[in-house]
Structures are given as C-alpha cells and as structure tokens.
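Undergrad: Just passing along the structure, written as structure tokens.
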Amino acid sequence: MNEHIFLPTPLFTRHVCFPDYIGGISGYPDHIVNREFQTKEFNLHRNYNLHIVLDGKGYLLTEGKRYEVLKGQGFLYGPGMRQRYFSDANEPWSIRWVHFYGERLEELLDGRGLDEPWLFALSNLSPIESLIQKLLSLGRTYQIDDEYAVASALYELLARLQTTSDRLNVPINHASNKIRAVANYVRTHSQESFSIEKAAALAGYSTHYFSRKFGQTIGKSFSDFLLESRLIQAKRLLASTELSIKQIALETGFSQSSYFSSCFRQLEKMTPLQFRSIHRIGDES
C-alpha cells in the first residue's frame with residue numbers, strides 16, 4: 001500500500017479541524033522522511049502531521065534521541081517543525097497519516113506537537129484505526145456533502161487520542177523557554193506600544209495559547225506583567241531624574257499621566273510624587 005489522498009478546501013472555513021492530506025504506506029522498508037524547519041512540502045509550514053502505526057515498527061529522531069515507534073503508537077508534529085522518521089528495515093511499519101489544519105488547534109491539542117513531536121501510545125488502537133479508515137474511505141470518494149463527516153471524524157480522532165493515550169517522550173518544554181525569552185524582552189522594551197498579540201507573535205504562538213502559557217510560566221497575566229514592567233521603569237525615573245509625572249508617563253509607555261498615576265496609586269499605595277519624595281537619590285543617608 002502507498003496511498004496519498006488530497007482533499008479540497010472546505011466550503012465552511014471555520015472547522016475546528018480538517019484534513020488537507022491523508023494516506024498510508026505498508027511494505028516499504030526503505031520509507032524515510034527528512035524535512036527541515038518550515039518546509040512547505042504538503043503545506044507542513046502551516047499543517048499538523050499525525051502518524052499512527054498499525055503494524056511493524058519504525059523510528060523517530062528528535063533532539064539527538066531516537067525513539068522506537070511500534071504498533072498502537074504514533075506521533076504528532078506541529079506546523080513548521082523539523083521532521084525525522086523512518087521505517088525499520090526488517091519489520092517495516094504499516095502507517096496511516098493525516099495532515100490537518102483548523103481553528104484554535106493549539107487549544108484543542110493543549111499545545112501538543114508545537115515545540116517538539118508528541119509521541120504517544122494508545123490504550124486501544126481499534127477505534128482510532130476505524131476512524132482513520134473512515135477518513136480514507138471518505139477521501140477516496142469525496143463529495144461536497146462529505147465535508148462535515150470528514151471534519152467530524154477527524155475531530156473524534158483527535159479527541160480520542162488525547163483521552164486514550166499516554167505520552168512516550170518526556171517533554172523538554174521549549175514553550176517555557178520561549179515565554180521567558182519574550183518576558184525578558186518585554187521587560188526591556190515595556191515603554192513601547194505592546195499588545196498581547198505582538199508578544200504572542202514574538203513567541204510564535206497564537207494569542208490564546210500564549211496567554212495561557214504565559215500565566216502558567218510567569219505566574220501572572222501578560223497585562224499585569226507589562227504594567228509591572230512599566231511601573232518598575234517609572235520608579236527608577238522618579239528616583240533618579242527630575243522628569244515631570246507627564247514625561248515619565250510617556251517615557252514608560254502610558255498614554256495619559258492620569259492613567260499612570262491611577263495605576264501607580266493602586267499598586268504602590270502612594271502617589272508618584274510621594275514615592276519620589278521618599279526615594280529621591282541624594283535624600284537617603
């Protein structure tokens with residue numbers, strides 16, 4: 001078997017998930033895939049790539065490690081990831097794959113596959129295999145009205161994967177590293193016009209996923225972190241310069257001095273001028 005089925009763009013453009021390309025391969029001991037970052041092959045710079053092993057075995061390479069992937073196991077790559085996997089020469093795998101896209105998939109998949117491949121073992125292969133076969137059958141004879149059945153089958157497949165599988169590889173958690181890097185950048189550029197959309201783009205994540213991961217990693221919301229960063233800069237200027245309150249507000253990213261003073265009083269329990277009188281450099285013994 002060596003099957004490749006490409007599906008047309010659905011008429012409804014906001015499916016939670018929809019396959020772009022499905023297929024499978026069996027009996028090819030020399031099957032190997034070696035794709036670089038952001039490859040546009042099969043639109044993988046924007047699509048997820050899911051593989052399920054139905055028989056035999058193969059291997060996946062990531063972060064200098066090699067993982068054996070057996071029957072009832074599989075892996076998921078997020079958009080744009082480097083991909084390295086191949087069949088065992090003596091026990092060639094029989095695999096089925098789905099390349100898919102959709103709305104808010106980071107939320108649906110809980111970020112799986114975004115920073116590193118997600119390797120998993122299924123507790124029950126049978127329902128997953130049935131859903132994949134359903135997708136293949138629909139794809140072979142695809143008609144316009146099949147769009148909703150295809151989207152529904154893929155959604156059930158992804159939902160079942162998350163509730164009936166165990167992770168095989170220990171997550172390296174690149175997400176936390178990216179979040180911290182963005183947080184450090186925000187600290188030093190907090191005076192700039194900054195939105196959570198801009199910060200999420202710097203990390204390479206959707207706004208929703210970035211917001212959730214930022215809170216988990218930093219311990220506070222992005223808006224609270226940005227405000228804190230601006231007030232830290234404002235306190236430095238209050239203590240070390242003669243700039244007016246209006247000037248300091250503008251220097252630290254606040255559009256209005258009244259809003260700056262209100263935020264300052266709320267968090268510091270004193271006005272900016274009171275803070276300056278207490279912490280002015282040269283007034284301390």
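Taken together, the values in this text are just the output of simple stated rules run on the coordinates, not laboratory data. Predicted model only: the values in this text are computed from it and were never measured. All Cβ positions, even for glycine, are placed from backbone atoms using ideal geometry, and neighbour counts span all protein chains on display.
Undergrad: What is the helix-to-structure angle for 174-188, meaning the angle in degrees between its Cα long axis and the longest Cα principal axis of the chain, kept from 0 to 90 and rounded to the nearest 10?
TA: Approximately 20 degrees, to the nearest ten.
Undergrad: Let me know the longest stretch in the chain that avoids all GluC sites (Glu not before Pro) found in a DSSP loop with at most 15 other C-beta atoms within 10 Å.
TA: That gives 104-191 as the longest site-free run.
Undergrad: When Lys and Arg each count +1 and Asp and Glu each count -1, what net charge do the other residues less than 14 Å away from T141, Cβ to Cβ, add up to?
TA: The answer is -2.
Undergrad: Still on this model: What list of ³J(HN,Hα) values in whole Hz, one per residue of segment 208-215 in order, does the Karplus curve 6.51 cos²θ - 1.76 cosθ + 1.60 (θ = phi - 60°) give from phi, with Gly and Pro shown as x?
TA: Per residue, the Karplus-derived 3J(HN,Hα) values read 5, 5, 4, 4, 5, 5, 4, x Hz.
Undergrad: Same structure again: Taking R0 as 25 Å, what FRET efficiency do you get between N43 and D145 from their Cβ-Cβ distance, rounded to the nearest 0.05?
TA: Working from the Cβ atoms, E equals 0.55.
Undergrad: Also, I was wondering about something else. Among H45, H15, which comes first, then next, by fewest other beta-carbon atoms within 10 Å?
TA: Starting with the residue having the fewest Cβ neighbours, the order is H45, H15.
Undergrad: Here's another thing I want to ask about it. Between L70 and T13, what is the label-point separation in nm under the 7 Å Cα-to-beta-carbon projection?
TA: Those two pseudo-labels are separated by 4.7 nm.
Undergrad: Using the Karplus curve 6.51 cos²θ - 1.76 cosθ + 1.60 with θ = phi - 60°, work out ³J(HN,Hα) for each residue of segment 150-163 in order, rounded to whole Hz, and write x for Gly and Pro.
TA: 5, 4, 5, 5, 5, 4, 5, 4, 5, 5, 5, 4, 6, 9
Undergrad: Can you run phi through the Karplus equation (6.51, -1.76, 1.60; θ = phi - 60°) for segment 227-243 and list ³J(HN,Hα) in whole Hz, with x for Gly and Pro?
TA: For segment 227-243, the Karplus-derived couplings read 4, 4, 4, 5, 6, 4, 5, 5, 5, 5, 5, 4, 7, 10, 9, 9, 4 Hz, x marking Gly and Pro.
Undergrad: Using a basic spin-label model with each label point 7 Å from the Cα along Cα→Cβ, how many nm lie between E228 and Q216?
TA: Here the modelled spin labels are 1.9 nm apart.
Undergrad: Evaluate 2.2 N^0.38 Å with N set to the residue count of the chain, then give the Cα radius of gyration divided by it.
TA: Compactness ratio reported: 1.35.
Undergrad: Next question, about the same structure. At what distance in nm do the modelled label points of R265 and N124 sit from each other, each positioned 7 Å from its Cα along Cα→Cβ?
TA: With each label point 7 Å from Cα toward Cβ, the separation is 6.2 nm.
Undergrad: Using r as the Cβ-Cβ distance of D30 and D166, and R0 as 41 Å, what FRET efficiency do you calculate, to the nearest 0.05?
TA: E between D30 and D166, to the nearest 0.05, is 0.85.
Undergrad: Now, a different point. I need the P(r) histogram for segment 108-180: all alpha carbon pairs, bin width 5 Å from 0 out to the longest distance, whole percents.
TA: Histogram of Cα-Cα distances, whole percents per bin: 3, 14, 20, 18, 16, 13, 9, 5, 2, 0.
Undergrad: Which value, in Å³ per residue, describes the convex hull spanned by the Cα atoms of segment 74-125?
TA: Convex hull of Cα atoms, per residue: 108 Å³.
Undergrad: Distance between the C-alpha centers of segment 1-75 and segment 250-275? Whole Å please.
TA: Using only Cα atoms to place each centre, the spacing works out to 53 Å.
Undergrad: Specify, per residue and in Å³, the volume enclosed by the convex hull of the alpha carbon atoms belonging to segment 2-167.
TA: 102 Å³
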